[in-house]
Each structure stands twice: as structure tokens, then as C-alpha cells.
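Comments concern the structure below.
The values are calculated or read from the model by the stated rules, or taken from the named source; none is laboratory data. No experiment lies behind these values; they were computed from the predicted model shown. We place every Cβ from the backbone using ideal geometry, glycine too, and count neighbours over all the protein chains shown.
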Amino acid sequence: MQDPEALGGLSHAGRQDVNAPEADAVFIPPESLTVATANQYVLKSGDTFIVNDPLGDITGRDDGLFVNDMRVLSGLRLTFGGRAPSLLSGSVSSDNTAFTAHLTNRPLPPLGGTSTPEGVIHVQRVRVLSGTVLNEAIELTNYGTSDAVVPLSISFASDFRDMFEVRGLKRPKQGTIEAPRVENGEVLLGYIGLDNVARRVRIAFSPTPTKLLADRADFSVQLPAQACVSIYLSVAVKVEARGAAAAGAQISEPTHGTSEAHLSQIDTARPRVGRAAVRAALVDAHLVMRERRRVTARVRSSNPLFNAWIERSLADLGLLTTDLATGPYPYAGIPWFSTPFGRDAVITSLQTLWLQPGLARGVLRFLAEHQARENSAFRDAEVGKIMHEMRKGEMAATGEVPFALYYGGVDTTPLFIVLAGAYVARTGDRGLIDELWPALVRAAAWVSGVCDKNRYGLLDYQRASDGGLANQGWKDSHDSVFHADGRFPDGPIALVEVQAYASAAFDTMAHFATLRGEANDAAGYAKRASSIRQCVEEKYWMEDMDFYGIALDGHGDLCRVMASNAGHLLAFGLARKERGEAVARGLESALFHTGWGVRTLAADQARFNPMAYHNGSVWPHDNALCARGLARYGAKGAAVRLLQALFQAAVNFDMRLPELFCGFPRRRGEPPTAYPVACLPQAWAAGSPFMMLEACLGITIDADRREVLIEQPMLPDGIDWLEVGDLRVGDASVTITFTRVAGKVVASAEQGDVRVVALL
């Protein structure tokens, strides 16, 4: 994933492209906001998402309403008499379908009567996103003993900035922002991009405002004592290519499941604004999320807090999953990465494979469809590579950034093959492999071709153009790979964990080739896998540190740096047993383990910084892979402790693990330290508890044998029992219960068509 810092950081100065609101006696201009909120709330539907503060406002900093990587609404603010209401609470529903803010009034100035004291008017904002339409209900209740006249204003604006502009990139020019106008009781905003794509925004209200301006709607709400009045708002966005751009433009339309109930999302006959519109949108959103949960096995335990973490993680995965033509696909994260990423989707699919294999199927088909068919230095593309990132915004379309379809990831291609192998083992679906076989062969050929150019037969990378990513592993910030003295290495660079992926990929291809009766190819793939494993043991092992170095540079010199990358060797079984055990001990030491999780970099290494993006922070997905590796090399107790640490961290993050957090050591009475611009939610962070839980329970599913193998299951402290229900194995299902008995965890299963073998 791209380092936000590498792209100039975040923009905290939103550009105002409309005239300032006019001042009048009551509806005075809103107070200027000078302090950014620490909390943000998100909703998503397809390629549309909104980020707002606890009040429900959009401030124009790093928030907004986005469609296809463009901010189409940069300002949305509710005020009373020009003042912001007081916040009672703001939250998103447990299934991520609606945002609700509870507010109350500050003292209101007299308007044809007496003044209204503070705290007597309750304001509830309920917001839901369906397709490319935002619907909101604003309900005002007067709990006072006197009637009130409430001067309410809703201000709005759009700067029509591309996502990369919002993240801090400067552009020499921009398309045409049309002057906002009022037409037929609605406000119309528009932008014609340099990609010749029109973005149209239509803002409607019910009832009709007392006064409607191009940037503000004013209401004089007559609110009798003990009475309730509602105001409704809708923001509808339409994106359409113009002229010659129409033929080749990637215009995202709302996508939905197969259920007929979802069709109301695009039913133009339903009310655009009002109570019925809000209710219809809520029904749509609930149905979509219910469908997401229906295809996932159930996990519940004796611990309510652990259950809340699991439920929130599943809800976040449901929110981020988008129905594409090829099947469900988990977008990487909100706000910066709400788009298809290759590596993130593969890792997320591996994390959740045992619970919902359908996600992996959708990911594999999408990535195969967008596999590189030609070479391009600008896009870091070579025939056979699997994409790193796809963007649909203006700057991507015009070539200002190379991410319309970008291939600058060295690890996504072997991981694509690994996921295919894991998917078949989990499901027995060899038909998909037959469908994907040409793509798998091309991917393996690309990996082989790169390895053949390396002096040691390793998989390495070096960006092809200055506009691409300098580092192309999962730690893709510019300073994440270095020598022991802090020097940056010359390329090409062969990351240690990438060799584990490559070796596993060749083993997978050898297995597939054997099944297809291609013995010669199978032998060739197996030889490549063995050669990589041998080379890693010879070139990366640091005897004096009992650890593997992070990378080999272009001169064949080892970057003698202790990083969490080595944990991935364990996750994919590359390391020798005794060396893997040594790495496990290192990962659990105070150099790595903060008490909240494992750092990306040992604390005694050059460039260590617990606040850095990749050089000392804690990444949940990285920890999940480390936990998988710990369990694989006999350190299941350490894996359980890691699960426990991440669970405790999640409790402090409102039951939702962020993309990353700072790697400061744990101190009594203090929560983990947040990383200020981390995505929340993030797909592979949300998927992390499931990979860790799978490792701790020792679950392996063999679809061909219709069997679930359980090896020495363990549970975190505070959980006496845990149930995995409706676990699909082939065309059957099973429910397995893990119970703590006399200091051990025992597994029991209901009678059925699935064989459960427990090794305690």
C-alpha cells in the first residue's frame, strides 16, 4: 500500500470554490473550524463512500463524499443560528449501514419570540448511503416547555478534488468547476474533468427551505413544545463520460447482489428525498450486509468483548467488499484505498478463506482478468504480472499518476498463485483452476523470468520509472528497506518474505501441474521452489543474530536488519525448523513485541521509529501472518498471546483494528497510540483476527476428504468456549465447539457428513 507520507501527506486546507455565504441577521456565517477531529466515521456503497466527523459534518480536510476517487462534496455542515450544535454522540451502526449523530442546541437567539435555552432541543441525524445517493434525516425534538423557532442552516460545497489531491499532491491545472446554481428547488454542482468526464451533484431538501442559496439552505423551523419536526436531505451523484471519452472511460455504476430486493438501489421511480427515500436506502443497505454475513461461518464465544470484536471485523469486511462482475472483492481501506488492491485482497482472502472461500474466488477471477498483457515502464507492467492497484479517478485517467492500472508490486503475482492453491485445498473447486490456468501459467512465467535474471535465482524488484513505487513489497514506503547502518540499498532488491511467497507459488504450480499430468513442468516448478529455499538459508541467515536479514541488494549484499518480514517466512513454511524457532523467539522478545503486538522493525535497528509508517509501527495483518508462522513452528502459545494482545488493542480502538498504530511499548493504564492517518476500516486489519484464530485453533480444512483437522487447539485467556458454526466443507457444513477443560482445550463437533479429526 502506498505510504501517505510519500505522497506529500494530507491536505488540511480545503479550497473553497464557491462564494462565501452571505451574512444576514440570523443565518450568520458558520464559525471557522481550526481544530481537526480525532474521530471519523465512514459509510460505503460500491465505489462511493463518505467520511464525516462525529457531528455528521464534512469539513473539507481529509473527509468528504467520494465517488470513483473524486471528492464530490467537500463541505456539509449543520448549524443553529450560525453555531455548531453540541455533540452528545456519534456512531455507525453495528452492521455499518447507517451513521447516527445525537446533538443538542446551544442557546438560540430570539426570533420573533423568547430565546431558547441550551440543551432543550434534541437533534438526531441519520445518514445512509445507497449506490451513489446519500440520504439523511434530521429530526428535531423540543423537550422544552415553550415553543421555539429554530434557525437551522445546512451549508455545502464541493472542491472536486481527485483523491491524490486530497492526499497532498499538487496539480498544475484542473478541469472546469461549474458555478453552483439553484434550479427547481435543488442545488446543482458540476465539474468537467480533464478526463472529459462530468461529475454532477444534485442536492435536494424536504420540506422546501425558507431560503435556498447556492451554498446554503436556511430553515426557520416552527417547533412547538414537546413536538418533533423532520428535515430531509439527499445528495445524488451522477458520473458520465462525454464525447470521445465515453467509449473508453471506466465509469463505475452501483453494483449489487443478485437479490431482487437490491434493485431498489437503482430504482429511479422511488422518492429522491424524504422519509420514504431514507427508509428504502436503509433496507437496501441492510440487505446487502445480510447477504455478506449469510455466506460466512459464524464465530461466537463466551466472551462478549471478543464477540464484539469479531462482529465488528465481519461488519468491516462486509462494508469494504464490493460486488464486481467477477464476484465479491474487498477494497483495501477507507479513505485512502477504497479501490481494488491486489496484495491487500489476496492477504484478506487468505485470512478469511477458512470462513468464507467465496471471497477468494472473486479475488482470483478479478485479478486474472486484469493481469498484465503488455509491458509498460510507466505502469511497472510486464506480461504476466498481477496488478497492484486500480484507480478510477481523474488523475489516473489523465496519466498524472500511474495508478489507473498499476503493477508495481513484486509480491502480488506469487501470492496470486498461492491463493489459488489454498482456495482449491479449501474448496476442492478445480473448475476454477481450469478457468484460471492460462493466467496462472503466465504469472509463474513472470516470476520465473525475473528469477532467471537474478544472480541467485531470487525474485527481486526495481521500479521501471520515477513515478512508480521505489519499494514494491508490502512495506512500500521509500525508507522501509535499508542496510544496518541506515544506507538505502542499490537495486534490484530481493526481499526475504517475497522469496517465501515465490517458493510457495512454485510448490503450488508443481502440485497443479501434477494434477494435470504435466510431469516435466511439475518437476521444473519443484526444482525452482527448492532452489529458492536453499538460497534463502545460505544468503539471508544472520548467525550472530539468530534471525533472517530483510533483503539482498543489487550487489548481493545482505541488508542485515531485523524486521517482521522474517515472520512471513514462518507463515509460508520456508525456514528450517531450528531457525524458524529462533525467529519465533525473536518476534516474542521485547525488541519486537510491544505488548500490543509485534513491531515491523526491531527496536535496536537503524531507522527505528515507533511513529513511522513501516519502521517500528504495529500492523495487524503483519501480526496475523506472524501468528500463523509462530503456530506453524511450534510456538502456538506465542501465537495465542499475540492474538490476545491484538484483541486488547482492538478494545482500545472501539473494537476495530486500524490499518496500523504506533509501536510504543505498552505501559500500565495507557492505551495503544494511534497512527494519525491510518485507514479505518482496513480490509486486512479486519481480516487479521480470523487468521490468528485459525492458527490458534489449529484448523486445517481438506475439501477433497471432507475433513476438518484440528491440532492442539488453544484459546486466549478469558474465553472458556468458542463455537465455529455453519463451517462449509464441500456441499456439507459442520459446527465445531472448542471448550476449556482441565487446563486443555478440547474440540467437539455435531454429527454430520463432515469428518472432524482432533489431535489434542
Close pairs (7 angstrom Cβ cut-off, 6 or more residues apart or separate chains): under 16 Å from Phe661 (Cβ atoms) and assigned to a loop (DSSP other than H, G, I, E, B) in the stretch 601-620, modelled with pLDDT of 95 or more and β-branched (Val, Ile, Thr) anywhere: His614/Thr600; Asn615/Thr600; Gly616/Thr600; Ser617/Thr600; Trp619/Thr600
Lone unmet requirement of (1) in contact with a helix residue (DSSP H, G or I) (Cβ under 7 Å, 6 or more places away or on another chain); (2) in a loop (DSSP other than H, G, I, E, B) for His483: (1)
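So that you can scan it fast, the table gives a plain yes or no per residue for (1) within 22 Å of Ala612 (Cβ to Cβ); (2) among the charged types (D, E, K, R):
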site: Val651; (1), (2): no, no
site: Met655; (1), (2): no, no
site: Arg666; (1), (2): yes, yes
site: Gly669; (1), (2): no, no
site: Val677; (1), (2): yes, no
site: Ala686; (1), (2): no, no
site: Pro713; (1), (2): no, no
site: Arg740; (1), (2): no, yes
site: Glu750; (1), (2): no, yes
Within the stretch 377-396, tally of residues that are outside any loop (DSSP other than H, G, I, E, B) and under 14 Å from Gly409 (Cα atoms): 3
Checklist (1) buried (at least 23 other Cβ atoms within 10 Å of the Cβ); (2) under 29 Å from Val239 (Cβ atoms) applied to Leu405, failing item: (1)
Filter pass, Lys527 being more than 30 Å from Arg599 (Cβ to Cβ), of a type in the set (D, E, K, R) and in the same structural domain as Phe572 (by TED's automatic domain parsing): yes
Residue match in the stretch 523-535 (condition: of a type in the set (A, V, I, L, M), out of contact with any strand residue (DSSP E or B) (no Cβ under 7 Å at 6 or more places or on another chain), surrounded by fewer than 15 Cβ atoms within 10 Å (Cβ to Cβ) and more than 24 Å from Thr412 (Cα to Cα)): no
Candidate set: the stretch 211-267, residues that are modelled with pLDDT of 50 or more and among the acidic types (Asp, Glu); chosen: the one surrounded by the fewest Cβ atoms within 10 Å (Cβ to Cβ): Glu240
Residue under evaluation Gly457, criteria (1) part of a helix (DSSP H, G or I); (2) at positive phi, criterion not met: (1)
Residue list for the stretch 179-195, restricted to those being surrounded by fewer than 16 Cβ atoms within 10 Å (Cβ to Cβ) and acidic (Asp, Glu): Glu183
Criterion (part of a loop (DSSP other than H, G, I, E, B), in contact with a Lys or Arg (Cβ under 8 Å, 6 or more places away or on another chain) and of a type outside the set (Phe, Trp, Tyr)) met by exactly one of Gly554, Gly573: Gly573
Every residue from the stretch 426-456 that is crowded, with 18+ Cβ neighbours inside 10 Å and over 15 Å from Leu515 (Cα atoms): Arg426, Thr427, Ala439, Arg442, Ala443, Ala444, Trp446, Val447, Ser448, Val450, Cys451
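Does Arg279 satisfy being modelled with pLDDT under 90 and among the basic types (Lys, Arg)?
Numbers: modelled with pLDDT under 90: no; among the basic types (Lys, Arg): yes.
Here the answer is no, as Arg279 does not meet what is asked.
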Breaking point among (1) surrounded by 24 or more Cβ atoms within 10 Å (Cβ to Cβ); (2) within 19 Å of Leu515 (Cβ to Cβ); (3) touching a Leu at 6+ places or on another chain (Cβ under 6 Å), for Tyr423: (3)
Qualifying residue in the stretch 301-322 (condition: without any contact (Cβ under 8 Å) to a residue 12 or more places away in the chain and among the charged types (D, E, K, R)): no
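Tell me, please, whether a residue that is more than 17 Å from Arg167 (Cβ to Cβ), out of contact with any strand residue (DSSP E or B) (no Cβ under 9 Å at 6 or more places or on another chain), aliphatic (A, V, I, L, M) and touching a residue at least 40 places away in the same chain (Cβ under 8 Å) can be found in the stretch 380-387.
Step one: list which residues in the stretch 380-387 are more than 17 Å from Arg167 (Cβ to Cβ), which gives 380-387.
With the extra rule that they be out of contact with any strand residue (DSSP E or B) (no Cβ under 9 Å at 6 or more places or on another chain), the set shrinks to 383-386.
Of the ones still in play, those that are also aliphatic (A, V, I, L, M) are 383, 386.
Cutting the leftovers down to touching a residue at least 40 places away in the same chain (Cβ under 8 Å) gives us 383, 386.
Within the stretch 380-387, one or more residues are more than 17 Å from Arg167 (Cβ to Cβ), out of contact with any strand residue (DSSP E or B) (no Cβ under 9 Å at 6 or more places or on another chain), aliphatic (A, V, I, L, M) and touching a residue at least 40 places away in the same chain (Cβ under 8 Å).
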Selection within the stretch 41-63 - in contact (Cβ under 8 Å) with a residue 60 or more places away in the chain and acidic (Asp, Glu): Asp47, Asp62, Asp63
Unique match (being surrounded by 24 or more Cβ atoms within 10 Å (Cβ to Cβ), at pLDDT below 95 and more than 22 Å from Asp429 (Cβ to Cβ)) among Gly333, Gly399: Gly333
Residue list for the stretch 343-367, restricted to those being under 13 Å from Ala332 (Cβ atoms) and hydroxyl-bearing (Ser, Thr, Tyr): Thr348, Ser349
Failed condition for Ala425, given (1) touching a helix residue (DSSP H, G or I) at 6+ places or on another chain (Cβ under 7 Å); (2) in a helix (DSSP H, G or I): (1)
Given (1) part of a loop (DSSP other than H, G, I, E, B); (2) touching a Leu at 6+ places or on another chain (Cβ under 8 Å); (3) on the phi < 0 side of the Ramachandran plot, number of the condition Arg628 does not satisfy: (1)
Filtered residue count, the stretch 67-88, keeping only those that are part of a strand (DSSP E or B), of a type in the set (Ser, Thr, Tyr) and buried (at least 19 other Cβ atoms within 10 Å of the Cβ): 1
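Leu317: crowded, with 22+ Cβ neighbours inside 10 Å and assigned to a helix (DSSP H, G or I), yes or no? Break it down into steps so the answer makes sense when it comes.
On the way: crowded, with 22+ Cβ neighbours inside 10 Å: yes; assigned to a helix (DSSP H, G or I): yes.
When the stated conditions are applied, Leu317 passes them.
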The stretch 397-410: number of residues that are outside any loop (DSSP other than H, G, I, E, B) and of a type in the set (Gly, Ala, Ser): 1
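Suppose we keep only residues that are touching a Gly at 6+ places or on another chain (Cβ under 6 Å) and more than 30 Å from Ala281 (Cα to Cα) within the stretch 103-119. Which one would you say is modelled with the highest pLDDT? Spell out how you get there, then give the answer.
Of all residues in the stretch 103-119, those touching a Gly at 6+ places or on another chain (Cβ under 6 Å) come to 104, 108-109.
Those left that are additionally more than 30 Å from Ala281 (Cα to Cα): 108-109.
Values: Leu108: 70, Pro109: 63.
Per the criteria, the residue is Leu108.
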